[in-house]
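Notes follow once the structure below has been shown.
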């Protein structure tokens, strides 16, 4: 997927023009075909052909990934279905080390001859590139797991739910929004199933089944007299769940100025609220720029965590592997080595976790055969660790990889990608109301909006979906035209309170982009509502002509 | 098998259509060989070669559409994919916006395929990178770069007699050169259909020069400044105007081109009269496919002419509803400029800021097309016609529409690549007054 497209999907100021052209990783297939499975023994045989062919040409290490990537996207607007797309992408990627250098090749022709030729091409590329090496690849040791499997613990496979049921849900959501006064609504249901098979010369044969779902909508309200318009996007989170995410339960609702959601989402209820709030935004007070104490909801804070903690602790960025595109990182190795780099206030504890059930990044094993786990990244405000893969582990003095390797498709080479990175809840009992009560002059921000951060992750600017002014501990009405600008270290040191575990929720990115060629990945970020003091807020209103 | 000739594609598509029992049937096929090489820390990191083919069959019964695909091309598989698309069409809800497939079209031959690019080998890629690495070694800099080439074909045929075929090649190269102490960073990028135009060493030298000169940057106060945007920096701002050219979005009142009372800016002056932007599939410097993915011919289209919005893009449904010509979105855009080089623009600037690259561009307000992002990899203060010193990077909040109303001067257009979308453009460097920087960044 091109960067441009997920920018629009994420921000979605413009919807209708972009969405019919959503590029898909893969090709359209029928519904029934998406439920077929490729037999594990067939995959093992093909994988062995690749492993043996590479070894015969001189590879000292080889891994083979056979992937079947299924997407089902349902796209509607107002009273009609714009598109229903089922796609499949099936093929094999072969990665080798030969003469100390990496090589990679991929094919969608799944016969022995094609697999052998692809393995040979990967070895030829590795050998060609080895003359440009400064040092040979050093892989952290990894014991073979033998033949194992892992399946995401979902309750309902979204691909098995009849299309009609899913279409009816979206159209009822649209109907509720239109009856609630919206001028336009675009609603979407994105469903992904990765059926991944990994085999390596270490002796691993790993079969995994991963599911993700993202129901979302974008509502527009127009004041035709002035020509002004406002939007309100869904407060759902993309999740590593099945269709059960859309079966609302009272225990997953947090009631307040607007209803917020935990592990289940009430799309209909949120659309009704969004229709009313988009109209309210038209007449909301434009923010007075200045310093404010911010209360950030997890539906918003996930993106700030993603950009200001997740990306700068990627070890490949720290080392310079992303210097030409995504950038490097201000969290250089000397800061980690010092063991006293003050990333944030001492109440800030941030951890990496690829095992959290329901999260987008959950898996049994990563894409180079390493078992997934959990570790601290920021502890008591100090930088204590990064995110690493097998050929980087030695840099951190580790004897094994942290399991952060991922490829978005069989045709993409795997590289270091962010695990779920989350802010630990506060240890003391504290609710959202408790946080708001303590604020004299502040803004309560809900939902993610515009986002931008520099290439070393110092300076950022974030917007949201809903902004409420806080005056003397109470909500004093809606604001608009709000964005805050800060510096990562300054921001996390201004963290003055985090709600307790009962408020902990996941947000996440369905289309996080990195690498050249660009690859997307999905990752969750959990947090409870948190307070940040004295943050610089700007007014984003402008006039054309 | 990934690349079919025109005759092979015609025969295959004709055979597939012969299986159809639907009211209408359309078949698209494309295939490509892609190669890439990536390097960082002065050594190759990853590289690869990928071959793939996709075949898509769309069948329609009335306003019900079904789509299916397959990548096996034997007769039984081809018939199976047609049947499957028909079954899906019967199950699909009626789409009131479905428009019958296009009839035969005339497409002049394209100039998008260059044999030299199609013949790139892993060795050629590695040689180009070796040249780039040598520049880094000679200048004691740390390089990171990416070279990516594509050789592909696309063809389509439908039951109404339309047949289209095209082959295209492209190569994009970008490189970042950083100083050993991490205090300086420079960037350069180029994209071509013809790999023989790519001089990896020359491109790397530009990045190296910027990297060396950008070290020890000074902080100056954020605020409104005259800027000179190099084409790579201008591209990531201007393409947001191009993405917003959709007529329906504007007609519905939810675009920067919307006006009160359901009106739009079509036919009205939007930006400075020196701004002219158009697309031309046969432009020798930036050729593109002569047809869009739904078979509509791409023609030379003027989007903004002397500051006036001349055309918007239309889906076939929206064009039919509005009774206008259905102009598809362009694959690339060209902006006219002047004759001055970047160096001459700098020479004629009393006070200003030279911007090499802009980064992490996001829409802040779709109503005004307000964008935010940051400068990166070579930002310099200009005084009395010379570059005085490197400056620390800024965050900006600016609308490209407002920016093009604050135009001072345009330079000579050159082909560049958007770092945000990988799209190729032909754009001039541009001098803009009152460009709004809102905060400083410590990033290098």
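The values are calculated or read from the model by the stated rules, or taken from the named source; none is laboratory data. None of the values given here were measured: they were computed from a predicted structure. Every residue, glycine as well, gets a Cβ built from its backbone with ideal geometry; the counts of neighbours run over all protein chains shown.
Restricting attention to segment A:462-485, which residues are free of Cβ contacts under 8 Å to residues at least 60 places away in the same chain and buried (at least 24 other Cβ atoms within 10 Å of the Cβ)? Matches in segment A:462-485: A:483 only. Looking at residue B:171, is it buried (at least 22 other Cβ atoms within 10 Å of the Cβ) and either in a loop (DSSP other than H, G, I, E, B) or under 18 Å from the mean Cα position of the chain (by Cα) (or both)? Taking the combined requirement at face value, the residue satisfies it.
The residue that is surrounded by the most Cβ atoms within 10 Å (Cβ to Cβ), counting only those in segment B:323-339 that are outside any strand (DSSP E or B), at negative phi and away from chain A (no Cβ under 14 Å), is B:337. Condition check for residue B:279 on (1) in contact with a helix residue (DSSP H, G or I) (Cβ under 8 Å, 6 or more places away or on another chain); (2) more than 9 Å from chain A (Cβ to nearest Cβ); (3) buried (at least 23 other Cβ atoms within 10 Å of the Cβ); (4) within 28 Å of residue B:102 (Cβ to Cβ): one failure, at (1). Against the test of being more than 30 Å from residue A:286 (Cβ to Cβ), in contact (Cβ under 8 Å) with a residue 60 or more places away in the chain and outside any helix (DSSP H, G or I), the options A:230, A:155 yield a single qualifying residue, A:155. Within the option set A:435, A:398, being under 30 Å from residue A:501 (Cα atoms), touching a residue at least 40 places away in the same chain (Cβ under 8 Å) and more than 14 Å from every other protein chain (Cβ to nearest Cβ) holds for one residue only, A:435. Flag not set for residue A:348, criterion: surrounded by 24 or more Cβ atoms within 10 Å (Cβ to Cβ) and part of a loop (DSSP other than H, G, I, E, B). If you check B:76, B:128 for being surrounded by fewer than 17 Cβ atoms within 10 Å (Cβ to Cβ) and either within 12 Å of chain A (Cβ to nearest Cβ) or not in a strand (DSSP E or B) (or both), only one passes: B:76.
Checked against (1) at negative phi; (2) assigned to a loop (DSSP other than H, G, I, E, B); (3) within 14 Å of chain A (Cβ to nearest Cβ), residue B:412 passes all but condition (3).
Residues considered: B:153, B:146. Of these, the only one that is closer than 26 Å to residue A:124 by Cβ, away from chain A (no Cβ under 14 Å) and under 22 Å from the mean Cα position of the chain (by Cα) is B:153.
Criterion applied to B:267, B:261, B:253, B:211 was being in a loop (DSSP other than H, G, I, E, B) and within 12 Å of another protein chain (Cβ to nearest Cβ), and the one residue passing it is B:253. Taking the listed residues B:137, B:183, the one that is closer than 20 Å to residue B:376 by Cα, within 14 Å of another protein chain (Cβ to nearest Cβ), touching a residue at least 24 places away in the same chain (Cβ under 8 Å) and outside any strand (DSSP E or B) is B:183, with no other qualifying. Exactly one residue out of A:263, A:270 is out of contact with any strand residue (DSSP E or B) (no Cβ under 6 Å at 6 or more places or on another chain) and either at pLDDT below 95 or outside any helix (DSSP H, G or I) (or both), and it is A:263.
For the residues B:35, B:49, B:31, the requirement of being more than 7 Å from chain A (Cβ to nearest Cβ), in contact with a helix residue (DSSP H, G or I) (Cβ under 8 Å, 6 or more places away or on another chain), under 30 Å from residue A:326 (Cα atoms) and not in a helix (DSSP H, G or I) singles out B:35. Taking segment B:416-439 as the range and being more than 23 Å from residue B:278 (Cβ to Cβ) and facing chain A (nearest Cβ under 7 Å) as the test, the residues that pass are B:438, B:439.
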